[in-house]
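Asker: Here's a structure for you.
The values are calculated or read from the model by the stated rules, or taken from the named source; none is laboratory data. None of these values were measured; they are calculated from a predicted model. Positions of Cβ are generated from backbone atoms using ideal geometry, with glycine treated the same way; all protein chains shown enter the neighbour counts.
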Amino acid sequence: MTGAAVPDDIKPILDKSLNLDPAMRYGSVADMKQALSALTNSGKYSATTFNLAFYLSNLLKKEFESEAVEREKETKVNVAPYVEAASVECQT
């Protein structure tokens, strides 16, 4: 997207994962993760504070959005029948 070339050490991982022939791709996601982990742990692509903050921000954003949806559903629940049933049970 930026016009920069893909780094030489990342290109083989991308080529293998995007290969049209399924037999030439990674056998599993775990295999691809292992290749990415080896690359990121090599020191050249170490995580920064920004990376961590960005990841957590996205993670929390999804959590907040799902909680907002749940709260919206809860506000639409009609609790009157349950309150009436509970009060009748308490009177008996």
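Asker: Can you name every residue in region 39-92 that is small (G, A, S) and part of a helix (DSSP H, G or I)?
Answerer: A53, S57, S66, A68, A80, A85, A86, S87
Residue by residue, here is whether (1) of a type in the set (K, R); (2) farther than 25 Å from D8 by Cα holds:
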position	(1), (2)
T40	no, no
F54	no, yes
N58	no, yes
F64	no, yes
E67	no, yes
K76	yes, yes
A80	no, yes
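Asker: Here's another thing I want to ask about it. Taking region 17-64 as the search range and keeping residues that are polar (S, T, N, Q) and modelled with pLDDT of 90 or more, which one is surrounded by the most Cβ atoms within 10 Å (Cβ to Cβ)? Reasoning before the result, please.
Answerer: Taking region 17-64 as the starting set, the residues that turn out to be polar (S, T, N, Q) are 17, 19, 28, 34, 37, 40-42, 46, 48-49, 51, 57-58.
Keeping just the survivors that are modelled with pLDDT of 90 or more gives 17, 19, 28, 34.
Working: S17: 15, N19: 12, S28: 9, Q34: 12.
Looking at residues that are polar (S, T, N, Q) and modelled with pLDDT of 90 or more, I get S17.
Asker: Can I ask one more? Please go through region 1-15 and pick out each residue that is charged (D, E, K, R) and surrounded by fewer than 11 Cβ atoms within 10 Å (Cβ to Cβ).
Answerer: D8
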